[in-house]
Every structure is written in C-alpha cells, then in structure tokens.
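Asker: Structure provided below as structure tokens; questions to follow.
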Amino acid sequence: MRKKIVAGNWKMNKTLQEGVELAKTVNRQVEDNGVIVILCTPFIHLSEVNNVITKDSLFLGAQNCASETSGAFTGEVSVDMIKSTGSEYVIIGHSERRSYYHEDDAQLNKKTKLALAAGLTPIFCCGEVLAERQANNHMKVVKTQIENGLFDLSPEDFAKVVIAYEPVWAIGTGVNATSDQAQEMHKAIRELVAEKYGTQVANNTSILYGGSCKPSNAKELFANPDVDGGLIGGASLNASDFMGIVNAF
C-alpha cells in the first residue's frame with residue numbers, strides 16, 4: 001500500500017519564532033489517521049521545529065540540499081547536516097530550484113543519491129512550464145526529468161523516493177490544473193515507473209500533486225486513483241488551510 005502524504009513547503013517564509021508557532025498549531029491538530037504530514041521548513045527552522053513535533057504522523061523535511069557532502073561551499077547545507085536536525089525528508093528539484101538556480105537533471109540526480117545515502121527520503125519534483133504544456137510537450141518533459149533524475153537508481157533505492165508533480169503553469173498564477181489533468185499526468189508517471197521497475201514498485205510509489213492545491217479542491221484531487229497527496233505551498237503557511245487539505249483524505 002502506498003502512503004498518503006501531505007507535505008507543506010514553507011519556501012522562504014516565516015521567521016523562526018513564527019515557524020515554531022505554526023508547527024505547534026499543526027502538531028496539535030494533526031491526527032494519527034494514516035496520512036503522513038510533513039513540514040518542509042527553511043533550514044534555520046529545522047532543529048527548533050523538530051523539538052515541537054510529538055505526533056507519530058508528523059515529520060520534518062528540508063526544502064533543498066547541497067550537491068556535495070562537505071567542504072568549502074559557503075552557504076550550502078549538506079544532507080548529513082539536514083539529517084542531524086531530525087529531518088527525515090528533503091525536497092529535490094523543486095520548480096523554483098530548477099528555474100531560478102538552474103539546477104539540472106544531473107545535479108538533481110546527485111542530490112537524490114546523497115539524500116538516500118544519508119537516510120533521507122527524497123521528494124523528487126518534476127513538471128512542465130506553460131510553454132511546454134501549450135506545445136504539447138508536457139509528457140515528454142516530465143518523462144525526461146524522471147528518467148534522468150531517478151532511473152539509474154536501484155529498485156531498492158527508487159522504492160524509497162516520493163515523486164511530486166508540479167504543473168509549473170498552475171502555481172501562483174490563478175490558473176489551476178483540472179483534476180483530470182492531474183490524474184492524467186500521475187497515471188503517466190506511474191506507468192513510466194512500471195515500465196522501468198515493475199508494477200509492484202510503481203503501485204507502491206507515492207505521487208504527490210503540487211499545483212496550487214487548496215482546501216476547496218483537495219478532496220477532488222485526492223479522489224483520483226493516482227494522486228496520493230499534495231506538495232503544498234502557500235496554503236501550508238496557514239494552519240487552518242493546511243489542515244483542511246490534510247483532512248480532505
């Protein structure tokens with residue numbers, strides 16, 4: 001059985017004190033009902049937020065990691081540093097990292113392997129921009145990102161990865177992907193995984209939707225057979241909105 005997951009990506013928001021208070025509120029409201037809830041906070045929040053997590057279904061994650069293990073890389077944060085804070089997850093290849101910081105498939109592949117070696121669960125992001133969707137290249141783009149980023153992993157390592165599909169054109173633009181569009185891509189991703197690693201691995205791979213998921217559309221999205229949860233941006237900054245998405249299951 002694949003896991004149902006709702007991960008909140010706070011991005012570059014919340015002071016340390018504000019983040020701790022938000023985490024406390026989420027921790028109080030989370031129920032141990034089979035849904036895994038992850039708070040992906042800024043690096044400076046990780047240790048303090050870890051200290052307020054008491055629920056068995058609530059976990060901590062980072063938003064990125066360095067592509068090196070240690071050394072003279074000023075400003076970078078390694079997977080071992082992240083692991084030492086109590087984090088269990090790390091987002092790899094978010095669309096903002098790909099776009100703003102020009103992280104390519106080879107670098108993200110390296111980061112994924114480092115995360116796995118450190119005992120972290122990668123949340124590997126993929127997705128197309130508007131021009132790629134309009135040119136009907138969205139399936140090809142996502143296929144290439146997954147193949148280049150993940151498909152040299154062993155079946156055992158791949159089975160530890162969570163995939164998040166981000167229709168970049170539907171994030172913060174006011175244009176939402178439909179439930180059918182989400183299901184279509186999630187199904188295609190699962191079929192791609194099945195071709196490489198077999199049906200059992202594919203059926204056990206959690207694939208999250210990361211395109212402006214809100215309390216108002218979460219239930220419809222999560223009802224799709226291949227949508228296993230969400231990677232939540234803006235709505236994760238408000239405990240009521242975030243828990244409305246969690247409770248959509």
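The values are calculated or read from the model by the stated rules, or taken from the named source; none is laboratory data. Quick caveat, the model's predicted, so the values are computed rather than measured. When we count neighbours, we look across all protein chains shown, and the Cβ atoms used for this are built from the backbone with ideal geometry, even at glycine.
Asker: So THR112 passes all but one of these: (1) in a helix (DSSP H, G or I); (2) buried (at least 16 other Cβ atoms within 10 Å of the Cβ); (3) more than 18 Å from the chain's Cα centre (by Cα). Which condition number does it fail?
Answerer: (3)
Asker: Could you look through the stretch 12-64, keep only residues that are over 20 Å from the mean Cα position of the chain (by Cα) and over 25 Å from PHE249 (Cα atoms), and pick out the one that is surrounded by the most Cβ atoms within 10 Å (Cβ to Cβ)?
Answerer: That would be VAL20.
Asker: State all residues of the stretch 218-242 that are surrounded by 16 or more Cβ atoms within 10 Å (Cβ to Cβ) and polar (S, T, N, Q); if no residue qualifies, say none.
Answerer: ASN224, SER236
Asker: Which count do you get for residues in the stretch 144-158 that are surrounded by fewer than 15 Cβ atoms within 10 Å (Cβ to Cβ) and farther than 11 Å from ASN109 by Cβ?
Answerer: 4
Asker: What are the pairs, 6+ residues apart or on separate chains, where a residue within the stretch 201-221 that is closer than 18 Å to ILE123 by Cβ has its Cβ under 9 Å from a residue that is basic (Lys, Arg) and at pLDDT below 95?
Answerer: Cβ pairs passing all conditions: ASN204/ARG2; THR205/ARG2; SER206/ARG2; ILE207/ARG2.
Asker: Only residues that are closer than 14 Å to ILE171 by Cβ and outside any strand (DSSP E or B): list them for the stretch 186-220, please.
Answerer: So in the stretch 186-220, the residues closer than 14 Å to ILE171 by Cβ come out as 208-214, 217.
Those that are closer than 14 Å to ILE171 by Cβ and outside any strand (DSSP E or B): GLY210, GLY211, SER212, CYS213, LYS214, ASN217.
Asker: Same structure again: Output the residues belonging to the stretch 213-243 that are of a type in the set (A, V, I, L, M, F, W, C), over 20 Å from MET185 (Cα atoms) and either under 16 Å from the mean Cα position of the chain (by Cα) or at pLDDT below 95 (or both).
Answerer: Passing the criteria: ALA235, LEU237, PHE242.
Asker: Working only within the stretch 55-93, note down all residues that are under 19 Å from ASP32 (Cα atoms) and either among the aromatic types (Phe, Trp, Tyr) or free of Cβ contacts under 8 Å to residues at least 12 places away in the same chain (or both).
Answerer: PHE59, TYR89
Asker: Picking from VAL168, VAL175, VAL246, which residue would you name as being out of contact with any Lys or Arg (no Cβ under 8 Å at 6 or more places or on another chain), at pLDDT 95 or above and among the β-branched types (Val, Ile, Thr)?
Answerer: VAL246
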